[in-house]
Amino acid sequence: MRIGFFTDSYFPEIDGVTYTLQLWGERLTARGHETDIVYPDGDYEPEENEHPVPSFPNPFYPGYEVPTYRRPSTLPDLDVVHCHGPGPVGWLGLRYAQKYDVPLVYTHHTPIEEYFHQALPWKSVAGFLSNRYPAIESRYMERFDVVTASTSRIDRSVDHVQLPVGVNMNFFQPTAKRWYEGETVIGYSGRLSMEKNVAEVFEVAEQLPQYKFVVVGEGPREPDLAANKPDNVTMRDFLPREQLPTFYSSIDCFITASTADTLGLSTLEANACGTPVVAADAPPFDRTIGVNNGRRYEPGNVTEAAEAVEECIRTDRDTRGAIEQYSVDRTINQLETLYGGLCNDTLDSVELD
């Protein structure tokens, strides 16, 4: 099969969607399929089967591009269109599928309504859009043959298939190398944006001055966070992908205060490297983080979060075994079944789980 991924988030910007598409493409190619990626043009040199859409910088969300338009006829002949967002490139995928009558899949990655307050300077406008956006995206999703989401946290009025984006368990595993010998280190890796609540992680660090906190990431909140970080917090830019297993293996606990994730891929990557996770007791972590791979705390309760960190440091858990269900190999098996069922018009008779 030749599968087209249509996304409004891709390199050079680093986020979970970008790495997911790269990983899915590699795994599908290894199984004999061909994957094309259509994405916003930016400061990135496309490889074969990558097709940029003319774009300009996003004035409201630095680091991302706003795509304009590309004719569907300039893209290759696809057997399946798989859209990964509701932006302009997602709409291009929708038009392509309608024009050439090919199956159409949508994956819900991001609760975009939680980003308006960060991206827009007008609170009333941001609140208005946040309240109405889920219904708007639900109507958009209704145009697709199948909608998937990593967990039950989708909050859209459409039926969906639960399909985790998947963790590369071969790549993310404990490493012999350690960066922080002789220190107890709490780590975070991800975007430094409002919905990630990294400032709450800093509050936890203030309650645990005996430990070192290392925050890895970039984003619009970086200047404010850097100006107000406690003395026991070190901030670093995004690490090269190949260094992440060593980082996750080197820290004693991973912490996230985010309440806007749909899977929290970095938390599962840390688990795959043998590291327990402390996470806010909110979707999706109420599904993915439990006694076998970490501990949850009431969002906003910094004291409880600090206690959770202490507990995770003191106890041993088989964190890797706890997340086998999120292996990307299982995800690719399900994707192949999904695509094959759509192309052969037999989806109703196949079992995805």
- List the number of the failed condition for Thr35; all other conditions in (1) within 21 Å of Glu137 (Cβ to Cβ); (2) without any contact (Cβ under 8 Å) to a residue 40 or more places away in the chain; (3) buried (at least 18 other Cβ atoms within 10 Å of the Cβ) hold. (1)
- Does Asn344 satisfy the condition of being open to solvent by 50 Å² or more (accessible area, probe 1.4 Å), free of Cβ contacts under 8 Å to residues at least 24 places away in the same chain and more than 22 Å from Ala260 (Cα to Cα)? yes
- Message: Name the residue that is nearest to Ala30 (Cα to Cα), counting only residues in the range 321-337 that are β-branched (Val, Ile, Thr) and open to solvent by less than 10 Å² (accessible area, probe 1.4 Å).
- Response: Ile332
- Message: Phe56 - would you say it is open to solvent by 50 Å² or more (accessible area, probe 1.4 Å) and touching a strand residue (DSSP E or B) at 6+ places or on another chain (Cβ under 6 Å)?
- Response: yes
- Query: What is the residue count in the range 10-21 for residues that are touching a residue at least 60 places away in the same chain (Cβ under 8 Å) and out of contact with any strand residue (DSSP E or B) (no Cβ under 8 Å at 6 or more places or on another chain)?
  - Reply: 6
- Message: Of the conditions (1) open to solvent by 20 Å² or more (accessible area, probe 1.4 Å); (2) in a helix (DSSP H, G or I), Val17 satisfies every one except a single condition; which number is it?
- Response: (1)
- Is there a residue in the range 278-288 that is in contact (Cβ under 8 Å) with a residue 60 or more places away in the chain, open to solvent by 60 Å² or more (accessible area, probe 1.4 Å) and farther than 22 Å from Arg191 by Cα? no
- Message: Residue under question is Phe254, and the condition is that it be of a type in the set (Phe, Trp, Tyr), in contact (Cβ under 8 Å) with a residue 60 or more places away in the chain, open to solvent by 10 Å² or more (accessible area, probe 1.4 Å) and not in a helix (DSSP H, G or I); does it hold?
- Response: no
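Rundown of residues vs (1) more than 23 Å from Glu336 (Cβ to Cβ); (2) surrounded by fewer than 16 Cβ atoms within 10 Å (Cβ to Cβ), yes/no style:
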| position | (1), (2) |
| --- | --- |
| Arg156 | yes, no |
| Gly166 | no, no |
| Asn170 | no, yes |
| Thr175 | yes, no |
| Glu183 | yes, yes |
| Gly187 | yes, no |
| Ala205 | yes, no |
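The values are calculated or read from the model by the stated rules, or taken from the named source; none is laboratory data. Because the structure is predicted, anything quoted here is derived from the model rather than measured. For neighbour counting, all protein chains shown are included, and Cβ atoms are generated from backbone atoms with ideal geometry for every residue, glycine included. Calculation scope for accessible area: heavy atoms of the full protein, side chains included, ligands and nucleic acids excluded. Shrake-Rupley method; radii C 1.70, N 1.55, O 1.52, S 1.80 Å.
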